[in-house]
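Below is one structure, written out as structure tokens, with a few remarks after it.
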Amino acid sequence: MSETMTVESRPVFPFTAIVGQEEMKLALILNVIDPKIGGVMVMGDRGTGKSTTVRALSDLLPDMQIVANDPFNSDPTDPELMSEEVRKKFQNGEALETATKQIPMIDLPLGATEDRVCGTIDIEKALTEGVKAFEPGLLASANRGILYVDEVNLLDDHLVDVLLDSAASGWNTVEREGISISHPARFILVGSGNPEEGELRPQLLDRFGMHAEIGTVKEPDLRVQIVEQRAAFDENPLDFRKNYTDSQQALRQKIVDARQLLKQTNVEYDFRVKISQICSELNVDGLRGDIVTNRAAKALAAFEGRTEVTAQDIFRVIPLCLRHRLRKDPLETIDSGDKVRDIFKKIFS
């Protein structure tokens with residue numbers, strides 16, 4: 001990302017400068033490598049850097065090719081990622097003017113209305129001029145990017161349903177007065193929240209691919225380092241960012257390479273059986289847990305430049321993929337992540 005762009009927009013704290021919170025950082029990176037993992041729910045105490053880390057991710061994202069002046073960030077080569085208008089031009093063999101932009105990161109404000117999120121149809125224009133006049137919403141802007149919802153557990157359940165449906169199907173449909181408009185809405189959904197303010201309903205939580213739990217850093221040395229870094233960034237953001245230019249570029253390149261390598265990455269059959277055994281033993285409902293664990297393990301192997309998934313890869317990602325899918329037992333004292341690790345050790349021993 002050019003420094004001029006950083007000056008024009010608000011300077012973002014560099015991702016590689018963030019101390020600790022390895023679990024959250026890993027979950028976010030794996031979702032960028034393979035968006036089909038299904039997003040991340042980040043739960044943790046206030047002031048633990050949830051929002052800072054998610055926003056820092058946007059700075060790492062590579063550029064993407066889009067059709068110029070298209071509000072849906074349509075892909076110029078993949079019909080699945082095109083709006084209806086662009087797809088018609090593509091199928092008719094018309095030349096598509098292209099442009100490059102950074103993968104978008106869209107913030108969804110807590111007070112957003114459904115119209116603001118999904119978009120609206122101008123009925124008057126549709127009736128008087130006979131055209132489908134659509135005003136795109138946040139889901140259109142987030143297509144092929146990241147949609148971030150801070151305090152997702154305080155968001156209206158109906159809106160959470162809409163977001164999760166779009167994230168799962170990859171499409172957003174707006175219907176009004178007999179007029180229906182659909183557009184691609186493939187985005188990585190990232191939610192964050194504080195458990196003290198209430199948990200998400202289990203059926204909504206299950207729809208997030210991964211669940212990262214973060215706590216306040218306890219080590220005094222690390223706390224001092226975090227405070228000093230934040231003070232240095234607040235005092236002179238551009239100078240602070242320059243110190244991390246090389247590490248940011250290296251990580252960005254590693255993500256780009258991993259996305260290419262992902263297609264060749266493989267989980268051997270025996271490991272796939274063991275993943276399903278773990279899910280079965282933990283009484284995980286449905287097959288989402290199996291699918292996400294396989295995808296996340298492949299993304300981690302690709303991130304580390306390998307085409308074969310190891311047992312260690314699975315051990316690192318499986319608590320993130322399963323802990324929020326376990327049935328809650330109020331009398332249980334063991335942490336859900338530790339419970340997943342215990343069953344892993346038993347089956348992989």
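For a quick check: with amide H placed at 1.01 Å from N, whose amide H comes under 5 Å from MET82's, ignoring anything fewer than 5 positions away on the same chain?
Sorted by chain and number, the residues that satisfy this are ASP75.
Tally Lys/Arg at +1 and Asp/Glu at -1 over every other residue whose Cβ is under 13 Å from the Cβ of LEU222; what's the total?
-1
Per residue of the chain, what 222 nm ellipticity follows from adding -39500 (n - 2.57) for every DSSP H run with n ≥ 4, rounded to the nearest 500?
So the helix-based figure for the chain works out to -14000 deg cm²/dmol.
In the neighborhood of GLY191, defined by Cβ-to-Cβ distances under 11 Å, what is the net charge if each Lys or Arg adds +1 and each Asp or Glu adds -1? Before the final figure, lay out each step's value.
On the way: positive: LYS50, ARG207; negative: ASP150, GLU151.
Spelling it out: positives minus negatives among the neighbours equals 0.
Strictly over 26 Å apart at the Cα level, which of LYS242/LYS263; LYS101/LYS263; LYS50/LYS254; LYS218/LYS339; LYS218/LYS242; LYS25/LYS345 would you flag in this model?
Cα-Cα > 26 Å for LYS242/LYS263; LYS218/LYS242; rest within.
Non-local amide H neighbours of GLU308 (under 5 Å, H modeled in plane, Pro and chain starts lacking H): which ones?
Excluding prolines and chain starts, which carry no amide H, the hits are ASN266.
Hey, could you get me the Stokes-Einstein D for the range 132-224, Kirkwood radius over alpha-carbon pairs, 37 °C and 0.692 mPa s, rounded to whole µm² s⁻¹?
The estimated diffusion coefficient comes to 215 µm²/s.
If amide hydrogens are placed 1.01 Å from N in the peptide plane, which non-local residues have theirs closer than 5 Å to the one on THR98?
So THR98 has HN proximity to ALA68.
What size of dipole, in debye to the nearest 20, comes out for the range 262-348 about its Cα centre when the only charges are +1 on Lys and Arg C-beta atoms and -1 on Asp and Glu C-beta atoms?
Approximately 200 debye in magnitude.
Rule-based calculations on the coordinates, nothing more; no lab input. It should be emphasised that the depicted structure is a prediction, and the values quoted were computed from it without experimental measurement. All Cβ positions, glycine included, derive from the backbone under ideal geometry; neighbour counts span all protein chains shown.
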